[in-house]
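K.L.:
My questions will all concern the structure given below.
Read-outs throughout are calculated quantities, based only on the coordinates presented, and are distinct from any laboratory measurement. Predicted, not measured: the structure shown is a model, and the values here were computed from it. We place every Cβ from the backbone using ideal geometry, glycine too, and count neighbours over all the protein chains shown.
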Amino acid sequence: MEAVLAVVIGGLYAAGMYLMVRRSIVKMIFGLALLGNAANLLIFTVGRLVRGRPPHIPADGVLPSIPTADPVPQALILTAIVIGFGVQAFALVLIKRVYQTVGSDDQDEMVTENQGQGSGVKGQESQRQEQEQGQGSGVKGQGGEA
Amino acid sequence: MHSIILATAIRLLLPLMLLFSLFLLLRGHNEPGGGFVGGLVVAAAFALYTLAHGAHEGRRMLRIDPLRLVAIGLLIALCSGLLPLLAGLPFLTGLWSSLPAPVIGHAGTPLLFDLGVYLLVAGMALLIIFTLMEES
Amino acid sequence: MKNLLFFPLIIPLAAAVLGLLAWNQRKLQRWIGIGATALLTLVSGILLVQVQQHGIITAQAGNWPAPFGITLVADLFSSLMLVGTGIMGLCVTVYSLADTDQHQESVGYHPLLQVLLLGVCGSFLTGDLFNLYVWFEVMLIASFVLLALGGQREQMEGAIKYVALNLIASALLLAGIGLLYGVTGTLNMAHLALRMQELDHTGTIPVIAALLFCAFSIKAAVFPFYFWLPASYHTPPIAVVTIFSALLSKVGIYVLIRVFTLIFPQEALAGQPLILLAAGLTMLFGALGAVAQPELRRLLAFCVISQIGYLLMGLGVFTSLALAGSIFFMLHIMAAKSALFLVTGVVARKAGTSWLPELGGLYQRFPLLAVLFLLPALSVAGIPPLSGFWGKLALVQAGLQAEQYLIVAAALGVSVLTLYYLVHAWIQLFWKPRPADAAELRSLTPQRRRQLLGPALGLTLVSVLLGLLPEPLFRLCSAAAEQLLQPQSYIEAVLGVIR
């Protein structure tokens, strides 16, 4: 069973890495999710695979009567899954926002580095000043970021 | 996308799911269940309602701003951790009442913590769902 | 007294909760932020004094005994870093009173800042490897949102790169922790250190050490992994960048030093050439990037990378003096580099741009600003009576004692480059005649001026004072380094006396 899982983990890592180097941001997020799952599965396998033996300790003993799987890795995975859920939810909101501002999910389209002298940063500064002057303008719809 | 089946079913499902989430929450401190799944069930119930009637109606049904729910949940969880500090014990130590309460068995600060998690998770998930649905 | 250890976590968390409850009340949120960071500084200071007097303090969250529960540990290194965190948090919160606009505050800027501080304090205090991962994620999620606040196009580009690379680091870290658990059966850092002394260091253990090194290096922006930093640091509000540069990458270095002195000292020695190579190249490439930059904020972002190299050098040389130098340098760079960033923010606010070719002649109008930029700049470059000099001196001395001449040469050469590009930037900002087509300068209200310049002034004073009187702090740093190199005291403080 370990061998099968090892192959699956390797496959997940490979697929995750492949997706991450694609130009599409959506695929990149999928890649990140796969990497997270691969790591979780790795921890699961490391915790030894035993079937149908819950780690119960008999009422009068101090050790489980039969060898059982270690519950700690499973607790770790649970935590990691929850954290991954939060991060991926944020990433989804982020790529949605990116798609709205850039109008494409191609990372090459997003590059703003070589826009001549400072238009980017200058624009941003002045925009911020403007925002400050026009106080109280609509700020709805940002709540998802929090 | 208005589905009459979903709209009718959710009227019955919503209270049922909320009750079930409370059951999960109270059961959680020594059996499978707990604040996290409970909160997710709450979020699922309101998400279904939102699917049937739209984000605006969903928010109205929830009555309270999900962000506030998150804040209250965090506050309750934090308080459950602070209580043992008053007794001179480390942060987050479980304090149990010796009286067996009906339904939930022994009550204690872990239950309070779970309640905080319950509200937090429900609020957070709904916050994300409402935001995404309002934008699309 | 032990419960004091929980307060650096409780204070930011409580402040974040209160800030969330006071969602639309800007004023209240601001006061909560300032109160909480001031309190955090105070508590950290008390903690430092306690640790200095009584040795390492530990506390068990939930009263579960180590190694089963989550342990919090404060030794000299972590409490020094906590004090730095408190001071930086306070300075940045005061600065953001004037720097953030209504929009940023209405999407939760202040509570998010507190969550970020919570993650940083947690990472400094935790004695459990998986708990460290959790704190890293707390920090990351807060930083993601802070980075994307505002939603401008450039910010999006930076945020995507930051998110992607940091999530890869998290996946690597998670895999490393999982494998380490598989080998040793524990996650408590003190217990891990103990188990490592018993185990044979072949096979998977060096691989795990390498995985963790890569993961922390991405977070710290060490040489082959630093690309996310210049891509993202020039876009968000300057207060956010200041707290990122002062704390986030330093957490990466802190954890590298902690893990490699406590758990993997053998691997740190075996990998010494590689760590030193990474340190040298980080310094060099950061400095070269900064030399080529015509935009002040990007220049400072590359400068951050370059200084990370010095911090890593201390770990690479791996002697008591070198680690003490690293710790001193870390505290110095928090103050000096942040002062630079804050002054840059003021310049950008007054002139409307941070492109060096479009700036000039500011000395005539703002002589105080010129001094406030020059002093930390010289300090970062390592000019004698300022704080940077002593950190570099200790590192170079340690390098010479350990006969690592190449890294010493790199450190000295990069210092010259640093001096060149920072002074060059200063000349372009303040000395060069003002270009004819430059935009009109904006003036600030007196209150805003105080809020913007107060923190910069305070941090500059810290840097100057540390330069004039380095002795007390340096003695503390040396004691912290001694503690790091003798993990036995750490292990005993966590697990009790070993039979």
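K.L.:
With r defined as the distance between the Cβ atoms of A:Phe85 and C:Arg434 and R0 fixed at 45 Å, what FRET efficiency is calculated, to the nearest 0.05?
P.N.:
Details: r = 53 Å, r/R0 = 1.17.
According to the calculation, E is roughly 0.30.
K.L.:
Related question: In chain C, which longest range has no GluC sites (Glu not before Pro) that are both DSSP loop (not H, G, I, E or B) and surrounded by at most 15 other Cβ atoms within 10 Å?
P.N.:
Details: sites that count: C:Glu403, C:Glu440.
Answer - C:1-402.
K.L.:
Another question, if that's okay. What is the order of C:Cys303, C:Cys121, fewest Cβ neighbours within 10 Å to most?
P.N.:
C:Cys303, C:Cys121
K.L.:
Something else now. Measuring from centroid to centroid over Cα atoms, what is the spacing of the range A:43-105 and the range B:19-77 in Å?
P.N.:
Spelled out, the Cα-based centre of one part sits 22 Å from the other.
K.L.:
First check a/c for the range A:1-66, with a ≥ b ≥ c the square roots of the eigenvalues of its C-alpha gyration tensor; if it is under 1.5, answer rounded, and if not, answer prolate when a/b is larger than b/c or oblate otherwise.
P.N.:
Numbers: a/c = 5.79, a/b = 3.04, b/c = 1.90.
Since a/c reaches 1.5 and a/b is larger than b/c, the shape of the range A:1-66 is classed as prolate.
K.L.:
Further question: What is the range C:98-174 by shape, rounded, prolate or oblate, if you read a ≥ b ≥ c off the alpha carbon gyration tensor as root eigenvalues and call it rounded for a/c under 1.5, prolate for a/b larger than b/c, and oblate otherwise? Let's see the in-between values first.
P.N.:
On the way: a/c = 3.82, a/b = 1.44, b/c = 2.65.
Oblate shape, in that a/c is at least 1.5 and b/c is the bigger or equal ratio.
K.L.:
Considering only DSSP states other than H, G, I, E and B, which trypsin sites (Lys or Arg not before Pro) in the range B:22-118 qualify as loop sites with at most 13 other Cβ atoms within 10 Å?
P.N.:
Details: sites: B:Arg27, B:Arg59, B:Arg60, B:Arg63, B:Arg68; in loops: B:Arg63.
Here the trypsin sites (Lys or Arg not before Pro) that fit, given the DSSP loop and packing criteria, are B:Arg63.
K.L.:
Here's another thing I want to ask about it. Name the lysines eligible as straight-distance cross-link partners of C:Lys27: C-alpha to C-alpha under 21 Å, and not fewer than 8 places from it in the same chain.
P.N.:
Within the straight-line cut-off, C:Lys27 pairs with A:Lys140.
K.L.:
Just to be sure I understand the model, the point goes 7 Å from the Cα along the line to the Cβ. What's the resulting C:Gln266 to B:Glu57 distance in nm?
P.N.:
That separation, rounded to one decimal, is 6.6 nm.
K.L.:
Could I ask something else about it? Which order do the peptides C:229-235, B:29-35, C:259-265, A:27-33 take when ranked by the mean count of other beta-carbon atoms within 10 Å per residue, highest first? Walk me through the numbers before you get to the answer.
P.N.:
Working: C:229-235: 24.7, B:29-35: 16.1, C:259-265: 22.0, A:27-33: 20.3.
Output ranking for C:229-235, B:29-35, C:259-265, A:27-33: C:229-235, C:259-265, A:27-33, B:29-35.
K.L.:
Further question: Ignoring everything except DSSP H segments at least 4 long, calculate the 222 nm mean residue ellipticity for chain B; use -39,500 (n - 2.57) per segment, divide by total residues, nearest 500. Numbers along the way, then the final one.
P.N.:
Numbers: 5 runs with 99 residues, N = 136.
Computed mean residue ellipticity for chain B: -25000 deg cm²/dmol.
K.L.:
Additional query: Can you return the lysines within cross-link range of C:Lys219? Criterion is Cα-Cα under 19 Å, with same-chain partners fewer than 8 residues away left out.
P.N.:
Counting by Cα, and skipping residues close in sequence, C:Lys219 has these lysines nearby: C:Lys161, C:Lys250, C:Lys337.
K.L.:
Which peptide among C:24-35, C:449-460 comes first, and what is the full order, when sorted by highest mean count of other Cβ atoms within 10 Å?
P.N.:
Numbers: C:24-35: 17.2, C:449-460: 21.0.
The most tightly packed comes first, giving C:449-460, C:24-35.
K.L.:
Let me know the shape class of the range B:4-135, please: from the alpha-carbon gyration tensor, a ≥ b ≥ c as square roots of the eigenvalues, rounded when a/c is under 1.5, otherwise prolate if a/b is greater than b/c, or oblate. Intermediate values should be presented prior to the final figure.
P.N.:
Details: a/c = 3.53, a/b = 1.82, b/c = 1.94.
Taking the square roots of the gyration eigenvalues as a ≥ b ≥ c, the range B:4-135 is oblate.
K.L.:
When Cβ neighbours within 10 Å are restricted to other protein chains, what is their mean count per residue of peptide A:82-90? Numbers along the way, then the final one.
P.N.:
Details: counts 4, 9, 5, 4, 7, 8, 1, 8, 7.
Mean number of neighbouring Cβ atoms from other chains: 6.
K.L.:
How big, in percent, is the set of alpha carbon pairs in chain C lying more than 40 Å apart?
P.N.:
On the way: 19467 of 124251 pairs.
Every Cα pair in chain C considered, those over 40 Å come to 16 percent.
K.L.:
Taking the Cα centroid of the range C:373-433 and of the range C:272-328, what is the distance between the two, rounded to the nearest whole Å?
P.N.:
11
K.L.:
Moving to a separate point now. Calculated FRET efficiency, A:Glu2 and C:Gln364, Cβ-Cβ r, R0 56 Å, to nearest 0.05?
P.N.:
Values: r = 73 Å, r/R0 = 1.30.
Between A:Glu2 and C:Gln364 the formula returns 0.15.
K.L.:
What does the helix-only formula give at 222 nm for chain C: each DSSP H stretch with n ≥ 4 adding -39500 (n - 2.57), the total divided by the residues, and the result rounded to the nearest 500 deg cm²/dmol?
P.N.:
-25000 deg cm²/dmol
K.L.:
Here's something else I'd like to know. Tell me, Kirkwood radius of the protein assembly as shown from alpha-carbon pair distances, in Å? Intermediate results must be reported in sequence, preceding the final value.
P.N.:
Details: mean 1/r = 0.0367 Å⁻¹.
Value: 27.3 Å, from the Cα pair sum.
K.L.:
Can you sort B:Leu120, A:Leu78, C:Leu484 so the residue with the fewest Cβ neighbours within 10 Å comes first? Before the final figure, lay out the partial values.
P.N.:
Numbers: B:Leu120 22, A:Leu78 12, C:Leu484 26.
Ranking B:Leu120, A:Leu78, C:Leu484 by Cβ neighbours within 10 Å, fewest first, gives A:Leu78, B:Leu120, C:Leu484.
K.L.:
Could you estimate the translational diffusion coefficient of the range C:214-301 from the Stokes-Einstein equation, with Rh from the Kirkwood formula over C-alpha pairs, at 4 °C and 1.567 mPa s, in whole µm²/s?
P.N.:
Value of D from the Cα-based Kirkwood radius: 93 µm²/s.
K.L.:
Which residue, chosen from C:Cys214, C:Asn188, C:Gln155, occupies the Cα position most advanced towards the positive end of the dipole of the range C:145-253, where the dipole is computed from +1 (Lys, Arg) and -1 (Asp, Glu) charges on Cβ about the Cα centre?
P.N.:
C:Gln155
K.L.:
Using a basic spin-label model with each label point 7 Å from the Cα along Cα→Cβ, how many nm lie between C:Leu4 and C:Lys27?
P.N.:
My value for the distance between the label points is 3.6 nm.
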